[in-house]
Amino acid sequence: MFLDLTVSSFDYLEQLSALMRDPIFYGVDSLPRGRGEPVLLLPGYFAGDWAMGPMARWLRRIGYNSYLSGIDFNLGCPREKLERLEARVTAIARETGGPVAIVGHSLGGVFARSLGDGLPRVVSQVIGLGAPIRHDWDAMNRRIGSIMQSAAGLWQALAGVPENCGTASCACGFARTIALSGLRAGAFTSIHSREDDVVDWRSCLDRGGNNYEVRGRHVSLIVNREVYRLIALILAGRRSLSAITDSSSSAAEL
C-alpha cells in the first residue's frame, strides 16, 4: 500500500513536470480558447481548492473565467457540501449571466454530476476526472480504498458524526440520490485512466455520456497534460476523434 502511495507521488511530480514543459500550460498552443465562460472546479476527496490552483490559472490563461469551490478539505457530510455547492453554482450563473461548466476530480466529479442533474438550467456541462458514477466504497481500488475508508472512519470518530456518514446507508440519502441521478445526453464527459490506483476505472464509465481515456494515476489527473488538452477541446465543444482519444468503446466491455 505504501508502495502504491509512493508511486502515485512520483507520478504526480512526473505529470506536473511534463505539464510545466508543455506549451498548452501557457496557452501558446493551437487549442481553442474560451470567451470568458465560467468554469467551476471541484477538488477530490481529502483535497481542497489548493489542489485545483494550477488548473484554475491555466483556464484563465486560455480565456475562461475559472472559479474555485470554497472547499478547504473535501471531508464531512456530502449532503451539506452539495447544498453549499448548489448555492455557489447559482451565484456564479447569476453573476456571469450564463450557464456554468463544472470540472470535478474524484469525489468532486461525483458532486459535479449531481449538480448537473439537479441544476440543468444553470450547468452547461460536467467533466469528471477519475470520478466514479456511483458513490460507494465498491467503486474504489481495493488496496487504496481500504486506507481511505480507515481515514474516513478516523475523521468520523474525531468529528463525532454518525459512523455511516457519507456511505450508501447514511440517513441523508446522498448516495442513493447519486445512484439515481442522470444527466441529459451529451452533458457529461468522463476522463479516466486504467492506471487509476484509487478508483476502479470501470466505475467511471457512463453509457449515456462521453468517455475518454488517458495515461496516469488518480491524483495526477489534475496536472495531466493529456487531461488539460481534452478539457480545452471539450469546453470548446469539440469532440473530434482525430484530436482526442475516445475510449467510449471501453463502455461496451462492461
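The values are calculated or read from the model by the stated rules, or taken from the named source; none is laboratory data. The model shown is predicted, which means the values in this text are computed figures rather than measured ones. Note that we place each Cβ from the backbone using ideal geometry, even for glycine, and neighbour counts take in every protein chain shown. With ligands, DNA and RNA removed, areas are computed over all heavy atoms of the protein, side chains included. Shrake-Rupley method; radii C 1.70, N 1.55, O 1.52, S 1.80 Å.
Solvent-accessible area of the range 15-132 (1.4 angstrom probe, protein heavy atoms only): carbon and sulfur portion equals 52 percent.
The HN-Hα couplings worked out from phi for the range 215-232 by the Karplus form 6.51 cos²θ - 1.76 cosθ + 1.60 (θ = phi - 60°) are 9, x, 8, 4, 4, 6, 4, 7, 10, 8, 5, 5, 5, 4, 4, 4, 4, 4 Hz, whole numbers, x standing for Gly and Pro.
For Ile71, nonlocal amide neighbours, meaning residues 5 or more places apart or on other chains whose placed amide H falls under 5 Å from its own, are Asp49.
Computed from backbone phi with θ = phi - 60° and the Karplus coefficients 6.51, -1.76 and 1.60, the 3J(HN,Hα) list for the range 78-87 is x, 5, 5, 5, 5, 5, 5, 5, 4, 5 Hz; x is used for glycine and proline. To the nearest 10, the accessible area of Ile133 is 40 Å² with a 1.4 Å probe.
For the range 1-102, applying the loop criterion from DSSP together with a ceiling of 16 other beta carbons within 10 Å to the GluC sites (Glu not before Pro) yields no site.
With every protein chain present, what is the per residue accessible area of the range 15-89 (1.4 Å probe, Å²)?
On the way: 3450 Å² over 75 residues.
Result: 46 Å² of accessible area for each residue.
Applying the Karplus relation 6.51 cos²θ - 1.76 cosθ + 1.60 with θ = phi - 60° to the range 201-209 yields 3J(HN,Hα) values of 4, 5, 6, 8, 7, 10, 4, x, x Hz, where x marks Gly and Pro.
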